[in-house]
1. Which one, Gln19, Ile61, Ala35, projects farthest toward the positive side of the charge dipole computed for the chain from Cβ point charges (K/R +1, D/E -1)?
2. For semi-axes √(5λ) of the Cα gyration tensor in Å, one of [x] 28, 21, 19; [y] 23, 19, 17; [z] 28, 20, 12 was computed from the structure I shared and the rest are decoys. Which label?
3. Would you please put 42-50, 54-62 in order of how densely packed they are, using the mean number of other Cβ atoms within 10 angstrom per residue and starting with the highest?
4. With equal scatterers on the alpha carbons only and no solvent term, can you work out the Debye log10 of I(q)/I(0) for the range 1-88 at 0.12, 0.19, 0.25, 0.26 1/Å?
5. Evaluate the charge dipole of the chain about its Cα centre and quote only its size in Debye, nearest 20, assuming +1 on the Cβ of each Lys and Arg and -1 on the Cβ of each Asp and Glu.
6. Using only helices, what value at 222 nm comes out for the chain when you add -39,500 (n - 2.57) per DSSP H run of length 4 or more and divide by the total residues, to the nearest 500 deg cm²/dmol?
7. Got a sec? What order do Cys79, Cys139, Cys73 fall in by accessible area at 1.4 Å, biggest, i.e. largest, first?
8. Any idea how many Lys pairs in the chain come in under 25 angstrom at the alpha carbon, given 8 or more places apart or on separate chains?
Amino acid sequence: MRKTSQFHEAEAALGAKSQRLAEAQLKNVDPVRLAQTISDYIEWRTFAYWVRLVVETEGRISAEITATLDQRCPGFLDCAENYRRTHPKEREFLWLRLISWIDDEVFSVAKAEGWQHALGYFAARDPRLDRVRAYWSLCDDDRTRNRGGTLTNFDEWRRAALEPGRS
């Protein structure tokens, strides 16, 4: 058997296992609560994508982003700094630290109640998150072509990213 077909089989098996786990976890959460939490999850992921775009465009964490992070995510920047200090050889990806912090701080109830995988699995397949990722990619491509462009505030970026019809 060729390596690529082995890879595809392994990938398909992992996907099926992930789906089974997500479906099994559905028993731990009310469908209405899951739907609302998926919406919240997408809002937070949208914020994380925007932070990533702004920090990568500016090449630093500006005073404005610091203030925004301090307001929306109290304690996150200290957590990120502690991580950086304890992992000095790792390349810094602030947005990945932010996503991890959001999962641990904002969505800790899903983990405690045994439906965290279901939350991530079903949110990842939501068309709203597809639109956010596509819009981030478009903005990132534009950023690399047109250095020095103007960045919108989060509310404007969020509206554009979640605009129906975008994918």
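The values are calculated or read from the model by the stated rules, or taken from the named source; none is laboratory data. Because the structure is a prediction, the values reported are computed rather than measured. A quick note on method: Cβ atoms are made from the backbone with ideal geometry, for glycine too, and the neighbour counts reach across all protein chains shown. Only protein heavy atoms, including side chains, enter the accessible area calculation; ligands, DNA and RNA are left aside. Shrake-Rupley method; radii C 1.70, N 1.55, O 1.52, S 1.80 Å.
1. Going by the Cα projections, it comes out as Gln19.
2. [x]
3. On the way: 42-50: 21.4, 54-62: 15.0.
The most tightly packed comes first, giving 42-50, 54-62.
4. Treating every Cα as an identical point scatterer, log10 I(q)/I(0) equals -0.71, -0.95, -1.16, -1.22.
5. 560
6. -24000 deg cm²/dmol, from helical runs alone.
7. Cys79, Cys139, Cys73
8. Eligible lysine pairs with Cα atoms under 25 Å apart amount to 4.
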